[in-house]
Every structure is written in structure tokens, then in C-alpha cells.
Amino acid sequence: MFREEYRKMNERIFPDQEIVNKVIESINKPHREANKSIALLRKSVAIAAVIAIITLTVTTALAANVPIVYQLMYAVSPSVAQFFMPVRKSCVDNGIKMEVVSAYIHDNTAEIYITMQDITGDRIDNTIDLYDSYSINRPFDSSATCELVGFDEASKTATFLISITEWGNKKIEGDKITFSVREFISHKRMYKDIPVEVDMGSIESNPPTMEVNPGGGGGRKYREFIPDYRRTANVLVPSDSMGFQIEDFKLTGIGYIDGFLHVQASIKRNMVGDNFGYFILKDKNGKEINCVCNFDFSVKEDDDIKYTEYIFEVPPSEIEQYSLYGYYVATGLYTKGYWQVTFPLEKQDLEDDEKNTISATIN
Amino acid sequence: MEQESFCANDSLESVINAYSNMVYRLAFSHTRDRCSANDIYQEVFLRYIRKRPQFETEKHRKAWLIRVTVNCCRKMWTSSWKKKIVPLDESIIFETKEETNLHYELQKLPVKYRTVIHLFYYEDLKVEEIGEILHKKPSTVRAQLTRARSKLKEILKEGYDV
């Protein structure tokens, strides 16, 4: 069988420990430019309220003439914002405009502000998620990240900050990069901390179980429950309904198997495929306990119902001290298109008229 | 947009340890050479360390890592640097002749099919799950798998049941 041979062959493939160690060592290595970028992002979250106030208090002329992204930049860090130079290159597809607003090139790092605005509807909101569907093409070896840093309700504009760092410590000024996005998800509906009404004192200690072939999964103890050599797992036999449901997310089982608490949920698959939910336990002080392993499985082939088994490490003698809570995120809109902008990474003269105008207007 | 991590207590180190083999094997399945797989492995986790993304479930963390690995693999094939280099012959020692042969035969499989084959046959992901992660319709993934299987049957002369 090909599957078995392919699996056996892959078991011999793993990274050298030296490389793993090198990556782990890099976690705590100081990285000046990366830190600058992270600090900028952290500030952006912290001053979200400040941005809202700025938006309300700036003059109409300012709001009309200066893109919201400049307000965001100056609110985040005025000292850095003055170095961002306007780019103003845009692309419209499917009624949505993507614009490269400004860029700041320093040494081997480029920081670029990009906005996405729905000019025909209301598809963009503060839950927009590019879901790694974006691509940053550049002619040099580098690492790049893209983060949502702001959303302007009035103009329905989401602002993203892209950071690119060249790996060889070479200056990247003069190179061109292309940023493209193929799709995004928005209008997510989030349900958090929804209490699950189950009597934790009467959880079955010997529930009916069955063996399944797990699909994707994870968790701290995933490999203990599903080691490489074993491709099956014991799960609760799903019930039709146990009285807890958030949209398409249903509790279908709870019970102890081999001393571990199993909580099972079903979810209806959708075309977008980003709906997801999970459970957590909380003790009387509100301390959260996450599951140590979770994995998906199906009961019938080609079924549109996907089951997930969540396994918690709480002994039966202590379970009454905990309550179960459900979380669920449902995808609202899935928008496809092709937005692509190519622009040069250029430093501009600090005396540039437009930059001075913006600086003067904001300050 | 800050989301609660499903495994909030998991350190970067434990995530790297937990997903090292998965990322490396996926990168290797795509490149079929250790040198490139090493580069991709490092880039994927470098991005993870820099970005420190938060996930609501481990499934999402895994999907993110798979997707980033696939993106890094694609970038590698398009980079001008890659086009100019010849990878070092750092062979993997397989246990049996069959495994060694399979490794070399898989080098003949077009690159565009290698990811779906690996995710389907090794990660045991369903067509719909592969589609979700790669942002492709299930019908597209199914068609790619069919074409990949057909190619594999042409390539593998040992009579594997693909």
C-alpha cells in the first residue's frame, strides 16, 4: 500500500537537532528592528481608544484630506510616523479597494501601511481576517508579517501593517515588492464564555465509546493520545443533542474514558470552512483549564458533520469544582477577489511637501 | 483582534518541539532535499517567533503552520536565488531499499502535486480539510489528488496501490 510505505518513509525524516536548537535559541535573541516593529503593534492595540477620540475631534477638513491611516500612525508613534513616506498606489477588484498608503524603509527593514476599503458595500469590518491568503513577493530573502492594526468604522477601512526584514543585512532600498490578497473573511460572529448547563457531579464514568480514525488535531498531550504508530482513538459515541447549541456548534457527549474527561462537539461543515468552536473548564475562581488534546473525526464518509473530541486532564474527584464553557466563532462573509499592488521601496527626502503638510496638520 | 490562545500556556519552545517534525516533513515532501527543507523549516518558525500568532484552537495553529510552510515552499521555487543554486547532496538514510526508492521516485512527481499527496497520505487530512487550509475548493483538491495519483501510478513501477 502506498499510504503505508509513504508513512514509513516519512518517519525517517526529521530536522537535525542542531537546527531545532538554533531556532529555539533565536526566541530570546534581541532583534532591534523586530522589537521596534513589535513595539509599534503593541502600542497600536493599547491606544485604540485614543484613536477613536482623535477621529471624533479632528476637523472635517482633516478627516477629508488625511487618510485615517495617518491618524493611526501619528497616534501610535509620532517619532516613527514622520519617517513614513506616501506611496498611494491602489488596486480595485470586486468593489474593494486596496491601497498601499505609506512605507518606511530603514536599513534592511521595510514597514508598509496598507488599507482595504469596501467602496460598494459593507463587507469589511473589524473582524476582517486575511487568513494568510496574502502574499508578499520581493526579490530578496526575507521574513515578512502582516497584521491588522486598525479599523475605521466611518469609512469601513481596515489598516494593515506589513513588516519585511531582509535576512542578509543588506539595504533593500530601490527594490520593488508586490503585495497581493486573494480572499478574506469578515463579519465573524463570536460567542465567548457561554455556560454549558451540565451537572458536573453526574458525569458518566463508563460511557459508551467507539474507535475512530482521527483527522487533524493538537494539544500538549496530542502525541500521548495519538502516537505516530497508532492511527485510531477511543471517543464517546455521539448523542443527537445534549441541550447545548450555539448556531451549528452542538455538545454531543461528555464522559470519562480512562480517567480523562472527554467532551465532544459536532459542527456542520461549510464551504468557507472557518467556523470553529471549543470548550474550556473554569474553576470557582475563574481560572481556565484548556484541554490537553483535541482531534477531529467523522462518523460517516462524506458526512457534512464534523466531530471534535476535547480531552481534559481533571480527575473525577475534582470535576465538581469546575464549570464548562463553550466558545464559538462563525464566519459571516467570505470575499474573493484579486488585489495586487507593486511598488518600489524608496526613501524620500525628509523635506517632502506632502509629509510636512501631514505632520503640520496632525500636530 | 487579540484572540485567546487555546493553549495559552504553551511556550514558543513547546510549540516548536511539537510541530518540528510536521513542518520539516511537509517542507521535505515539497522540496525532497534536506538543504531546502532546512531553510524552509527555519523560515516558518522564524515567522512564528516574530509574529507570535494567537490561536483559538490547536487545529488553527496547525493549519497556520501548514499554510505558512506551503507558502514558504512556493516562494522558494520562485526565488531567483533558488534558481541559481544546486542543493548539497545531504542524503537521508532510509531503512529499506523500498523507502529509498520511493524517495527518489517521488522526486519525479510534479511539485504542484506533492503538497496534497503529503497532506492526504501522511497528515491524514480529508479533502475538505486540505481545501480549508490551502484555500482551495474541495473539488479542486479532489481533482489534484486524482491527477497526482495517476502520475504516481505512472512513476511507481513497484505496483503500489495508490
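All of the numbers you see were taken from the coordinates with simple rules; none came from a lab. Owing to the predicted nature of the structure, the values given are computational and were not obtained by experimental measurement. When we count neighbours, we look across all protein chains shown, and the Cβ atoms used for this are built from the backbone with ideal geometry, even at glycine.
Quick notes on this structure:
- Compared with the direct C-alpha span, the chain from A:N137 to A:E247 gains 35.7 nm at full extension, assuming 0.36 nm per residue.
- Here the calculated FRET efficiency for A:V299 and A:D258, from their Cβ-Cβ distance with R0 = 22 Å, stands at 0.55, rounded to the nearest 0.05.
- Per residue of peptide B:16-29, the mean number of Cβ atoms on other chains within 10 Å of the residue Cβ is 4.
- Across peptide B:125-132, the mean count of Cβ atoms from other chains lying within 10 Å of each residue's own Cβ comes to 5.
- Sequentially through the range B:12-21, phi angles give Karplus couplings (6.51, -1.76, 1.60; θ = phi - 60°) of 4, 5, 5, 5, 4, 5, 5, 10, 4, 5 Hz, Gly and Pro residues having no value and appearing as x.
- Anisotropy class of the range A:163-292 from Cα gyration tensor, a/c 1.5 cut: prolate
- Per residue, the average separation of C-alpha pairs within less than 8 Å and at least 6 apart gives the range B:93-162 a relative contact order of 31 percent.
- Shape call, the range B:93-162: gyration tensor on alpha carbons, a/c limit 1.5: prolate
- Legend: distances between Cα atoms for A:K97/B:K108; A:K22/A:K287; A:K156/B:K136; B:K97/B:K151; pairs beyond 30 Å are A:K97/B:K108; A:K22/A:K287.
- Between A:N285 and B:E154, the modelled labels are 6.5 nm apart [label points 7 Å from Cα along Cα→Cβ].
- Percent RCO, i.e. relative contact order, over the range A:181-291, from Cα pairs under 8 Å lying at least 6 residues apart: 19 percent
- Length released on extending from A:Y338 to A:D16, taking residue separation times 0.36 nm less the Cα-Cα span: 112.0 nm
- Here the extension length gained between A:T120 and A:E204 equals 24.8 nm, from 0.36 nm per residue of separation less the Cα-Cα distance.
- Counting only other chain Cβ atoms within 10 Å of each residue's Cβ, the peptide B:99-107 averages 3.
- Modelled label positions at A:E173 and A:R88, each set 7 Å beyond Cα in the direction of Cβ, lie 2.2 nm from each other.
- Taking other residues whose beta carbon is less than 10 angstrom from the beta carbon of A:K156, and scoring Lys, Arg as +1 and Asp, Glu as -1, yields -4.
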